[in-house]
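A.B. asks: Quick one: structure below, then a few questions.
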Amino acid sequence: MALYLLYESASGYGLFIAHGLDEIGQNTDAVRKSVVDLNRFGKVVKLEAFQPFSSALDALNQQNAISEGLMTDELRNFLELNLPKIKEGKKAKYSLGVAEPKVGSHINEETKIPCQSNEFVLELLRGVRLHFERFIKELKPSDLEKAQLGLGHSYSRAKVKFNVNRVDNMVIQAIFLLDTLDKDINSFSMRVKEWFSWHFPELVKIVSDSYLYAKVLKFLRTKSELSEDKIPGLTDILGDEDKAKEIVEAAKSSMGQDLSEIDLLNVQQFAQRVIDLAEYRKNLHEYLVDKMNVVAPNLASLIGEIVGARLISHAGSLTNLAKCPSSTLQILGAEKALFRALKTRGNTPKYGLIFHSSFIGRASARNKGRMARYLANKCSIASRIDCFSEANTTVFGEKLREQVEERLDFYDKGVAPRKNIDMMKAAIEDAHKDADAMDIEDEPSKVSAKKSNKKKSNEENDVSMEDAPTNGDASSVKKSKKKKSKGTTPVDDEPTPVTNGSVSEPETEKKKKKKEKRRLEEQEQTQSGVNGDGTGKKKSKPVEDAETASEVKKKKKSKSKDV
């Protein structure tokens, strides 16, 4: 059986045929040795056909299709044109070797060409790739390198497709920097307290907050300058007048030593750095909250922005977190404890990063494991909704949070929670309502434009109706009367009668039926009389007789008018 090889290069598709495989034997080691030597490999593999790509964009499209395991129309035409045709009801006497098994299966489904992809075929394609420049004489090595470089850049650029507003990399970097800033601010503030305590040791006990301590240090400068005049300024910083007075009183009887001007200047500069870092940390926290509400709004509304960002950072991306099962998400961050428990055959950890959620802290010690498992389940659902849904909404996260709250009540009070399917149906309805509300806000401008267009078209129709000719009114009326007398309905193609410059619209079937019923009732009332017996009862004639009498009268009227 003949073996053809499909090679996708950066410059085009190449089809090769392998000869004398029976003599060499289907041994990968033998092929691997023959690949290096072009004289031996050239006797086995020969070029059958080559189709270059028309442009760089065409090469990129073909490469994207191959990477996704799809066969394009160009590749199909190339194979059908150069491979032997398979007769109906018979097996093919050849097979096609491909590098990607998915592409081979798709080719087999579409064209019924038998394909194979194994180590033997891959070794042959490796040799084709190595000596591809020698098989095509008109192709220069520099041209092939340029084509590979350009296609590689464009393919990588096309693969990195993302929405600028939904980049989880920014969340990962922000949470890393936030954790680093927390450590740095804590260590720097401890250094500031220790440094200034040589001068004013009592201040540490009065002001325990690091940020406020640095601001007070910046405001005080030295304890000797403290007086009652600075109490309002200290009150503005601390927000407590009693603490401000306590600082002034403590400065009068302080046990600290005096510092030189240079030392005080360095302490104040360092305190200013701590203040700047604390303010930057606050701004970074606000940025992270806003970013999480864009990237993963449901996860943020369920478990919080900081814990959600740590989960995304630990998983590597929001997509990786969405792919994780809830059992993995539950112990995410406790890998060391998990492997140590598996190694020592001890108890495995119940929770990882989700322990920092308020739900775990509110649960009792007995129910912490259950709560962690349930919360991990809801976090997995929320992350998948955020990752794969296009609508940016927090409805699902809020409903999932309600479920977790109900589960807490169930563990504490025994109140039965609502079912998950009911909550999801309610969430979907709320999401649709929000989407409809957004659409309604955008529609008023479109509706007003449509109304103005309709008014213009109606005005134009009225003008055309007024300009319509009024000749032949009598003849059209007579024709319609004749048709009515004959009992035939008017045809749609005939012109409608025109009277006094206004067009009478054609009657619908319902209106005609109503009119006929009214006429029949009137005729029955007029033709009905009193019986000869003097009973005063009305005679009810059949409907058919009434119809014939009305038709006779109409015929007589039409004849008298024609005469």
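A.B. asks: Counting only residues that are over 21 Å from residue 272 (Cα atoms) and either open to solvent by 70 Å² or more (accessible area, probe 1.4 Å) or part of a helix (DSSP H, G or I) (or both), how many does the stretch 206-230 have? Give the derivation first.
C.D. replies: Of the stretch 206-230, the ones over 21 Å from residue 272 (Cα atoms) are 227-229.
Within this subset, residues satisfying the condition of being either open to solvent by 70 Å² or more (accessible area, probe 1.4 Å) or part of a helix (DSSP H, G or I) (or both) are 228-229.
Adding up the residues that qualify gives 2.
A.B. asks: Consider only pairs whose beta carbons are under 9 Å apart and that are at least six residues apart or on different chains; among these, list those whose first residue lies in the stretch 399-413 and is assigned by the TED database to the domain that holds residue 371 and whose second residue is among the small types (Gly, Ala, Ser) and surrounded by fewer than 19 Cβ atoms within 10 Å (Cβ to Cβ).
C.D. replies: Note: pairs meeting the criteria are 399/426; 406/416; 410/416; 411/364; 412/364.
A.B. asks: Can we say residue 103 is open to solvent by less than 10 Å² (accessible area, probe 1.4 Å), β-branched (Val, Ile, Thr) and within 16 Å of residue 47 (Cα to Cα)? Break it down stepwise before answering.
C.D. replies: Values: open to solvent by less than 10 Å² (accessible area, probe 1.4 Å): yes; β-branched (Val, Ile, Thr): yes; within 16 Å of residue 47 (Cα to Cα): no.
Answer is no for this residue.
A.B. asks: Next question, about the same structure. Need the failing condition index for residue 63 against (1) out of contact with any strand residue (DSSP E or B) (no Cβ under 7 Å at 6 or more places or on another chain); (2) within 30 Å of residue 156 (Cβ to Cβ); (3) surrounded by fewer than 17 Cβ atoms within 10 Å (Cβ to Cβ), just the number.
C.D. replies: (3)
A.B. asks: Same structure again: Assess whether residue 172 counts as being within 48 Å of the chain's Cα centre (by Cα), surrounded by 11 or more Cβ atoms within 10 Å (Cβ to Cβ) and either farther than 30 Å from residue 11 by Cα or touching a residue at least 40 places away in the same chain (Cβ under 8 Å) (or both).
C.D. replies: Details: within 48 Å of the chain's Cα centre (by Cα): yes; surrounded by 11 or more Cβ atoms within 10 Å (Cβ to Cβ): yes; either farther than 30 Å from residue 11 by Cα or touching a residue at least 40 places away in the same chain (Cβ under 8 Å) (or both): yes.
Yes; evaluated as a whole, the condition is true for this residue.
A.B. asks: On the basis of being free of Cβ contacts under 8 Å to residues at least 24 places away in the same chain, open to solvent by 100 Å² or more (accessible area, probe 1.4 Å), closer than 20 Å to residue 2 by Cβ and more than 35 Å from the chain's Cα centre (by Cα), does residue 112 make the cut?
C.D. replies: Values: free of Cβ contacts under 8 Å to residues at least 24 places away in the same chain: no; open to solvent by 100 Å² or more (accessible area, probe 1.4 Å): yes; closer than 20 Å to residue 2 by Cβ: yes; more than 35 Å from the chain's Cα centre (by Cα): yes.
Answer is no for this residue.
A.B. asks: Report, ordered by the first and then the second residue, all pairs with beta carbons closer than 7 Å, sequence separation of six or more or different chains, a first member in the stretch 322-338 that is in contact (Cβ under 8 Å) with a residue 60 or more places away in the chain, and a second member that is polar (S, T, N, Q) and open to solvent by less than 50 Å² (accessible area, probe 1.4 Å).
C.D. replies: Hits for this filter: 322/383.
The values are calculated or read from the model by the stated rules, or taken from the named source; none is laboratory data. Since the model is a prediction, treat every value here as computed from it, not as a measurement. In this analysis, Cβ positions are derived from the backbone assuming ideal geometry, glycine residues included, and neighbour counts consider all displayed protein chains. Side chains included, ligands, DNA and RNA excluded: accessible areas come from the protein's heavy atoms. Shrake-Rupley method; radii C 1.70, N 1.55, O 1.52, S 1.80 Å.
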